[in-house]
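Scroll down for the structure; my scribbles are underneath it.
The values are calculated or read from the model by the stated rules, or taken from the named source; none is laboratory data. In this text the structure is predicted, and so the values were computed from the model without any measurement. Note: ideal-geometry Cβ built from the backbone for every residue, glycine included; neighbour counts use all protein chains shown.
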Amino acid sequence: MTQWQKVRVGEFLFERKEKYQPNDEKITGLSRINKIDFSGNFHIAQKPSNTKMILICPDDLVISGINVAKGAMGIYRGDKNIVATIHYSSYTFDEKKINVSYFKRFLKSAEFVKLLQEQVKGGIKTEIKPKHLLPLEINLPDIKEQKIIVKKLKAIETEENELKQEIAQQQILLKNLRQQILQEAIEGKLTQDWRVKNPNTEPASELLKRIQAEKQQLIKDKKIKAQKPLPAISEDEKPFKLPDGWVWCRLNDILSEILGGHSFKSSLFKKYGEKQVLRLGNIRPYHVRLERNSVYIDEKTANKARSAKLKQGDILITMTGTRGKRDYCYTVLLNELHFKDRELYLNQRVGCLRFNKYVSLKYYDYCLKNNRLLDQIFSTATGSANQANIGISALISWLIPMPSTQEQKTIVAKVEKLLNICDKLQTQITANQIYAEQLMQAVLKEAFTQAEQPI
């Protein structure tokens, strides 16, 4: 192995320093880079911009300054000049000194991150500009050895990609398995044997009558408001056949109350406190991110928003999100741990479902996470792809399968047992992901550190 030399990046990369105003005639009509992904692919757009621009010519090395260490860079192979905002930088390079494939992999290495942390304020979170990159000194082998290292790294990367594909496939299969468990739960397939052993169980129609009778009494006592009757459920609406003794009902039939979030003024939010406001970003499919962008309100504001105060057993549901990601209908069941050392208040565009005392909250939480039932809600969403919305009227009309109270509890026990197995599988998959990432970093460290033996 040859002797490595300490070389400044600016000795083999040469920046295109010209900056242009967006309306400069020299760049009029040129397409611009929308982004460079972490595989080095260029995504070109015709979007206008008010930001200053740089010129990019064919065969230039282009680097996205905000994602340098993740590999957002590449050689522009187009046959026409293009532009990019000044958040990118463009370079010609000396092919006698640097193999660009080698340099691209170096920018993903822990060695490069270490250099940033030592020499650039803010480290990898800083927008890396030429003034940061070009003065860096790196240990560099000659061009012949660079090519040898790249060849060996490519072989290792092929194996890594195969491993990642396998892990990704495992993730898909596990996600499908979770949904299959939920689907068999709400179709009554998980409890077929239970029904055979318990033939005299009260049918769900009787449970529904009790719930409706209690709701009428609450209306009579003026504890809740009377609501406009919903239309009867037609056969065409039912997404699948239910076992004997089960019934289809609308979500409103089994709710004691449904709440919309309070419209808090953001100027009233505080960074610390005991009265936390839950916003869209805090709600995930299976958990609440209490510490994520958390905001709080004072006593006076909380008193004005008493109707939005949450309690244990509430099921929260997001009502705004991105259509393409199907993320505008996440649900989560609040338990006692969510209220440790704090009160919780509901912000707008998040709904709160409070179920009747006769039903199993966990069973209905599973129902609301089932994709086949969620499709009913997704079909009612209004708005654009970037902001799809669902309304209260759609929620209360949602069709939900209802077994008896006893069977609901049995279903919950079986689902919890099966999902616990899924959680263990997820832990193993996550461990495999971490191992793959650590292995690649170890390979990169060895590749870009001068050692007695080659990789």
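Among the residues of segment 37-60, which ones are part of a strand (DSSP E or B) and free of Cβ contacts under 8 Å to residues at least 40 places away in the same chain?
F42, H43, I44, A45, M53, I54, L55
Which ones in segment 1-34 are outside any loop (DSSP other than H, G, I, E, B), surrounded by fewer than 16 Cβ atoms within 10 Å (Cβ to Cβ) and among the basic types (K, R)?
K6, R8
Do any helices (runs of 4 or more DSSP H) lying entirely in segment 77-192 carry at least 3 residues that are in contact (Cβ under 8 Å) with a residue 40 or more places away in the chain, and which ones are they?
100-106, 110-119, 143-186
Give me the residue from segment 78-105 that is under 26 Å from E157 (Cα atoms) and within 29 Å of the chain's Cα centre (by Cα) and, out of that set, surrounded by the most Cβ atoms within 10 Å (Cβ to Cβ).
R105
Between a first residue in segment 330-342 that is over 19 Å from D365 (Cα atoms) and a second residue that is in a strand (DSSP E or B), which pairs have beta carbons less than 6 Å apart while being 6 or more apart in sequence or on different chains?
Correct list of pairs: R342/Q276.
Which residues, counting only those in segment 216-260, are of a type in the set (D, E, K, R), in contact (Cβ under 8 Å) with a residue 24 or more places away in the chain and closer than 22 Å to K309 by Cβ?
E257
Residues of segment 430-455 being hydroxyl-bearing (S, T, Y) and either at pLDDT 85 or above or in contact with a strand residue (DSSP E or B) (Cβ under 7 Å, 6 or more places away or on another chain) (or both), which ones?
T430, Y435
Condition first: in a loop (DSSP other than H, G, I, E, B) and either small (G, A, S) or not assigned by TED's automatic domain parsing to the domain that holds N252 (or both). Now tell me which residues in segment 204-234 satisfy that. Spell out the reasoning first.
If we filter segment 204-234 for residues that are in a loop (DSSP other than H, G, I, E, B), which is where we start, we get 221-234.
Across segment 204-234, the qualifying residues are A226, A232, S234.
Collect the residues in segment 302-326 that are surrounded by 19 or more Cβ atoms within 10 Å (Cβ to Cβ), closer than 24 Å to K270 by Cβ and touching a Leu at 6+ places or on another chain (Cβ under 8 Å), keeping them in residue-number order.
If the condition is that a residue be surrounded by 19 or more Cβ atoms within 10 Å (Cβ to Cβ), closer than 24 Å to K270 by Cβ and touching a Leu at 6+ places or on another chain (Cβ under 8 Å), then A308, L310, D314, L316, T318 are the ones that fit.
Can you tell me which residues in segment 379-415 are touching a Phe, Trp or Tyr at 6+ places or on another chain (Cβ under 9 Å), assigned to a helix (DSSP H, G or I) and not basic (K, R)?
T405, Q406, E407, Q408, T410, I411, V412, V415
Can you pull out every residue in segment 318-355 that is touching a His at 6+ places or on another chain (Cβ under 8 Å), farther than 20 Å from I254 by Cα and outside any loop (DSSP other than H, G, I, E, B)?
Those that are touching a His at 6+ places or on another chain (Cβ under 8 Å), farther than 20 Å from I254 by Cα and outside any loop (DSSP other than H, G, I, E, B): L344, Y345, L346, N347.
How many residues does segment 236-250 hold that are buried (at least 18 other Cβ atoms within 10 Å of the Cβ) and at pLDDT below 95?
So the answer is 0.
Can you confirm whether segment 400-407 contains a residue that is in contact with a Gly (Cβ under 7 Å, 6 or more places away or on another chain) and farther than 21 Å from W246 by Cβ?
First, pick out the residues of segment 400-407 that are in contact with a Gly (Cβ under 7 Å, 6 or more places away or on another chain): 403-404.
Next, from what is left, pick out any that are farther than 21 Å from W246 by Cβ: none.
Checked segment 400-407: no residue is in contact with a Gly (Cβ under 7 Å, 6 or more places away or on another chain) and farther than 21 Å from W246 by Cβ.
Restricting to segment 360-375, and then to whatever is of a type in the set (A, V, I, L, M) and either at pLDDT 95 or above or touching a strand residue (DSSP E or B) at 6+ places or on another chain (Cβ under 6 Å) (or both), can you tell me which residue is surrounded by the fewest Cβ atoms within 10 Å (Cβ to Cβ)?
L361
Is there a residue in segment 193-200 that is part of a helix (DSSP H, G or I), basic (K, R) and not assigned by TED's automatic domain parsing to the domain that holds D244?
Yes, segment 193-200 contains a residue that is part of a helix (DSSP H, G or I), basic (K, R) and not assigned by TED's automatic domain parsing to the domain that holds D244.
For segment 61-76, enumerate the residues that are out of contact with any strand residue (DSSP E or B) (no Cβ under 6 Å at 6 or more places or on another chain) and assigned to a loop (DSSP other than H, G, I, E, B).
Once the filter is applied, which keeps residues that are out of contact with any strand residue (DSSP E or B) (no Cβ under 6 Å at 6 or more places or on another chain) and assigned to a loop (DSSP other than H, G, I, E, B), segment 61-76 yields only G71.
Filter segment 376-430 down to the residues that are among the small types (G, A, S), touching a Ser or Thr at 6+ places or on another chain (Cβ under 9 Å) and surrounded by 12 or more Cβ atoms within 10 Å (Cβ to Cβ), then identify the one that is farthest from K209 (Cα to Cα). Show your work before the answer.
So in segment 376-430, the residues among the small types (G, A, S) come out as 379, 381, 383-385, 388, 391, 393-394, 397, 404, 413.
Now drop any that are not touching a Ser or Thr at 6+ places or on another chain (Cβ under 9 Å), which leaves 383, 385, 388, 391, 393-394, 397, 404.
Remaining after also requiring surrounded by 12 or more Cβ atoms within 10 Å (Cβ to Cβ): 383, 388, 391, 394, 397, 404.
Details: G383: 37, A388: 35, G391: 27, A394: 23, S397: 18, S404: 12 Å.
Selected residue: G383.
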